[in-house]
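Here the structure is laid out as structure tokens; the discussion comes afterwards.
The values are calculated or read from the model by the stated rules, or taken from the named source; none is laboratory data. Everything numeric here is computed off the predicted structure, so don't read it as measured data. Every residue, glycine among them, receives a Cβ derived from its backbone with ideal geometry; neighbour counts consider all protein chains shown.
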Amino acid sequence: MSFRGVPVSSAEAKQRQERDLAKLRVPKIYREAVDMTKVNRPIINRWITTKLNELLPDDDIITDYTLELLGGDKPDIREIQLNLNGFLEENTAKFCKELWELLVAAQKDKDGIPPQLIAIKKEQMEQERVKREIKIESWSGGGGGGRDRGDRRERNDRRDAKGRNRRDGDRRNGDRRDRDRDRDRDDRSSRSSRYNRSRSRSPTVKKETDEYGRDRKD
């Protein structure tokens with residue numbers, strides 16, 4: 001058996017590991033044992049994969065190794081941290097602490113899901129909803145000032161529409177008055193024409209005069 005690249009016996013490797021564990025400074029949360037049978041493993045495995053991909057992008061080996069270390073029903077987080085230290089280096093302690101906090105919380109949930117992940121998921125969904133609303137508002141000229149501009153634009157449109165309707169009404173009334181005047185003028189012209197025609201048709205009374213051109217009296 002080898003320990004950190006140096007061939008050693010199993011007994012010596014165990015002693016070295018125990019010495020390293022004794023020197024390891026760990027948070028209080030490590031004192032709580034975890035029963036992996038009460039944990040929703042797919043949820044935790046997904047978190048581990050995502051987290052490690054952030055720390056070491058495209059490194060499937062470290063992901064598989066971590067999942068293997070967590071494979072038993074009663075994992076020891078101190079040993080896991082000690083074994084991952086050579087890979088994650090300064091990120092090891094933080095990663096292991098977050099992992100153990102999730103596992104401790106998950107085993108207390110009836111579905112084996114850590115409430116922290118539920119809260120994160122809700123926050124992400126809320127952020128997505130807000131983003132969609134912002135996009136919709138930007139498309140429609142929205143936003144705080146956009147809504148005010150939209151309200152002003154709507155009020156202006158209504159005012160312009162009223163103005164157009166009033167002008168159209170005035171124009172229609174003017175046209176009606178013009179038609180009435182034209183009709184009255186036509187009526188007067190027609191009456192005058194009929195009167196003149198009637199006068200022209202009236203018989204002319206010829207006056208009788210005497211031989212001196214004076215009106216003859218009966």
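Side notes on the structure shown:
- Condition broken by residue 37, with the remaining ones in (1) polar (S, T, N, Q); (2) modelled with pLDDT of 95 or more; (3) within 35 Å of the chain's Cα centre (by Cα) satisfied: (3)
- Looking at 79, 101, just one residue is at pLDDT 95 or above, of a type in the set (D, E, K, R), out of contact with any Asp or Glu (no Cβ under 8 Å at 6 or more places or on another chain) and surrounded by 12 or more Cβ atoms within 10 Å (Cβ to Cβ), and that residue is 101.
- Any hit, region 53-63, residues being within 14 Å of residue 95 (Cα to Cα) and free of Cβ contacts under 8 Å to residues at least 12 places away in the same chain: yes
- Reported count of residues in region 52-96, each being assigned to a helix (DSSP H, G or I) and within 21 Å of residue 24 (Cβ to Cβ), is 27.
- Candidate set from region 49-58 (those that are in contact with a helix residue (DSSP H, G or I) (Cβ under 7 Å, 6 or more places away or on another chain) and not hydrophobic (A, V, I, L, M, F, W, C)); member that is surrounded by the fewest Cβ atoms within 10 Å (Cβ to Cβ): 49
- Residue within region 119-126 that is at negative phi, surrounded by 11 or more Cβ atoms within 10 Å (Cβ to Cβ) and in a helix (DSSP H, G or I) present: yes
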